[in-house]
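Only one structure is covered here, and it is reproduced in the block below.
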Amino acid sequence: MTIVMPLYSLVNRIGAMALEVASEPSPQAHFELLQMIDQLRSAVETPTETVLCLIYQPPQNAALRTVIELGIFAVLVEKRHRETGVSATQLAEYTGADPDLIVRLMRVMTALGLCSLSSEAYVASEKTVALTQPIGRDGIPCIYDLTVPTLSKLPEYLRSHDYAKPQEYTHSPMKWAVGQSQFEWLGSNQQQQTLFNSYMASRREGRPMCFNTYPVERLLGHAVPFEDTVFLVNIGGNQGHDLRNFRREYGHLPGKLTLQDLPSVIEGVSSRDAGVQVMGYSFLGPQPVKGARVYYFRAIFHDWPDDICQQILRTTVSAMAQDYSRIIIVDFVLSDTKPPLMQASLDIQMMSIGAGVERSEGQWRDLLHSAGLRIAGIWNQSPGMESVIEAVPITT
């Protein structure tokens, strides 16, 4: 009875939350439902089952990486439109892989729920479709190839460095393990850089835009309505996917929109196509755009240790207009007590590839204060999503 009753109560709570999500969908309710489902699985699993699940995650990732490289999911999706499945023999013919290998790889895919097996034919689902889109097709091989060689050596790195946390980008675990840190590796692998750009553009699809979370009206009261002024600078904005979304929704706002990133990253992005000013720039150097209303960073600071973040922030502060300019940061703000697993895992990944950090609210306040900034507000729609931080210069 002591075991059954908590499970029964949790199942009832899950049922009630599922009805709420169905009737009034929201990021917060969706997050809570997923948390409850995780709790239920944890409550049902024996300790040994939990340990075994952890042990056999690496082969799952390796099998998935291989299936994507073979293009199997794309074949399944194509056949789905014709309302037919695909056998292992047919997949072997399409891919040139050994039929027995196909069977063994696809056992993992069906067990993960990424497709189904019916009458000896594999059938695509909506999750299969996602794996043929940039977030899966490009994101999984890029992040796998970028991180796995280092993560496999992370215990050895930490042991050999007396379990001190990595604090220098140039001496990160990735630099120690493979001879290059994150952006060096991407810069020397054009195909991987292309996959990375595609993944970055796609990974927020289907989620609320940060400016739907942040009250944009806070920026309008004093914005200067002249054509030669800059309203928003997207620093480290990759190929401008955020700015294009912003322009579609807030194209009426005064001033220019400026996209900044390394010349190698923005290569091929024209100002005419993007509808914004495109500028090659390294955020480690002086900020050339002075007095903009907004200096916008999305998923930038988690890549870097505190000293480099301070450098980026100070160069930005030196370009800001006091009592007018704002810094908007979109990044995770970790809970001090119970951060979601994905955020906690991402923190280890960022630590490994560049000595980066996923920060708590206290860490954000300390970092920003060290660069002469204070937090004016933090907005968030769900603990599982990135937060929006507004920071302003500290006035004396």
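The values are calculated or read from the model by the stated rules, or taken from the named source; none is laboratory data. Fair warning: this is a prediction, and the values are worked out from it, not measured in the lab. Cβ placement follows ideal geometry from the backbone for every residue including glycine, while neighbour counts extend to all protein chains displayed.
Any residue that is of a type in the set (D, E, K, R) and over 27 Å from residue 170 (Cβ atoms) - is there at least one of those in the range 339-360? No, the range 339-360 contains no residue that is of a type in the set (D, E, K, R) and over 27 Å from residue 170 (Cβ atoms).
From the list 122, 144, the one residue that fits, being in contact (Cβ under 8 Å) with a residue 60 or more places away in the chain and surrounded by 13 or more Cβ atoms within 10 Å (Cβ to Cβ), is 144.
In this structure, residue 170 qualifies as within 23 Å of residue 352 (Cα to Cα), free of Cβ contacts under 8 Å to residues at least 60 places away in the same chain and either out of contact with any helix residue (DSSP H, G or I) (no Cβ under 8 Å at 6 or more places or on another chain) or of a type in the set (A, V, I, L, M) (or both).
Pairs meeting the criteria (first residue in the range 219-240 and assigned by TED's automatic domain parsing to the domain that holds residue 278 and at pLDDT 70 or above, second residue in a loop (DSSP other than H, G, I, E, B) and among the charged types (D, E, K, R), beta carbons under 7 Å, at least 6 apart or on different chains) are 219/293; 231/293; 232/293.
Considering every residue within the range 340-360, establish whether at least one is of a type outside the set (A, V, I, L, M), under 30 Å from residue 229 (Cβ atoms) and not in a loop (DSSP other than H, G, I, E, B). Checking the range 340-360: not a single residue is of a type outside the set (A, V, I, L, M), under 30 Å from residue 229 (Cβ atoms) and not in a loop (DSSP other than H, G, I, E, B).
A count restricted to the range 47-100 and to residues that are modelled with pLDDT of 95 or more, among the acidic types (Asp, Glu) and outside any helix (DSSP H, G or I) stands at 1.
Restricting 24, 20 to those that are loosely packed, with under 13 Cβ neighbours inside 10 Å and either of a type outside the set (A, V, I, L, M) or touching a residue at least 40 places away in the same chain (Cβ under 8 Å) (or both) reduces the list to 24.
For the range 73-85, the count of residues that are loosely packed, with under 12 Cβ neighbours inside 10 Å and basic (Lys, Arg) is at least one.
The single residue among 270, 264, 282 that is exposed (fewer than 15 other Cβ atoms within 10 Å of the Cβ), of a type in the set (Ser, Thr, Tyr) and within 25 Å of residue 167 (Cα to Cα) turns out to be 282.
Scanning the range 311-323 for residues that are closer than 29 Å to residue 195 by Cα and either outside any helix (DSSP H, G or I) or of a type outside the set (Val, Ile, Thr) (or both) yields 311, 313.
Considering only residues in the range 175-218 that are modelled with pLDDT of 90 or more and aliphatic (A, V, I, L, M), the one that is surrounded by the most Cβ atoms within 10 Å (Cβ to Cβ) turns out to be 195. Does residue 279 satisfy being part of a helix (DSSP H, G or I) and hydrophobic (A, V, I, L, M, F, W, C)? When the stated conditions are applied, residue 279 does not pass them.
Tell me, please, whether a residue that is modelled with pLDDT of 95 or more and farther than 22 Å from residue 193 by Cβ can be found in the range 138-152. Within the range 138-152, one or more residues are modelled with pLDDT of 95 or more and farther than 22 Å from residue 193 by Cβ. Residue check: is residue 390 in contact with an Asp or Glu (Cβ under 9 Å, 6 or more places away or on another chain), charged (D, E, K, R) and at negative phi? No, not satisfied.
Across the range 41-70, the number of residues qualifying as under 16 Å from residue 144 (Cβ atoms) and either surrounded by 12 or more Cβ atoms within 10 Å (Cβ to Cβ) or among the charged types (D, E, K, R) (or both) comes to 12.
Kindly establish whether residue 308 is assigned to a strand (DSSP E or B), hydrophobic (A, V, I, L, M, F, W, C) and at negative phi. No: the conditions fail for residue 308.
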